[in-house]
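The values are calculated or read from the model by the stated rules, or taken from the named source; none is laboratory data. A quick note: this is a predicted structure, and the numbers were derived from the prediction, not measured. Backbone-built Cβ (ideal geometry, glycine too); neighbour counts: all protein chains shown.
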């Protein structure tokens with residue numbers, strides 16, 4: 001049975017998030033450890049369209065093992081197809097970790113970002129100069145008890161530890 005999305009207020013502006021992604025869920029990829037992962041997006045007070053794409057899942061790979069892959073891509077509203085670019089970036093990231101040929105998550109992150117960049121650039125170029133697109137991308141990968149983070153653009157990742 002699908003759970004209802006969570007809707008929490010945006011603390012600084014006290015506006016409700018307009019697009020809840022999913023209930024937070026507990027994920028364990030290492031024995032005796034637990035991470036709580038959740039996501040929500042909001043277009044903010046200026047934009048009407050939400051061009052964000054969020055991804056979090058455990059990816060099983062025969063070479064790299066179980067990896068928790070987390071990503072947020074924020075499509076650039078100044079371009080025509082920010083929502084397409086953000087989706088392409090997350091798809092490239094997921095594809096790279098699904099087909100990993102190394103267990104080095106830092107190498108995989110770099111490869112995923114390059115693959116996302118090429119895919120978005122080629123997609124925008126093929127559509128003509130009036131259909132250029134762009135996105136930010138921030139991604140984290142947890143393997144065993146190690147976390148690797150990569151980003152491009154002004155999106156940020158925060159590590160919040162329980163006390």
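If you check residue 144 against the conditions, is it at positive phi and at pLDDT below 95? Answer is yes for this residue. Does residue 22 count as within 19 Å of the chain's Cα centre (by Cα) and modelled with pLDDT of 80 or more? Considered against the rule, which asks whether it is within 19 Å of the chain's Cα centre (by Cα) and modelled with pLDDT of 80 or more, residue 22 comes out as no. Do we find a residue being surrounded by 19 or more Cβ atoms within 10 Å (Cβ to Cβ), at pLDDT below 90 and under 29 Å from residue 34 (Cβ atoms) anywhere in region 73-89? No, region 73-89 has no match at all.
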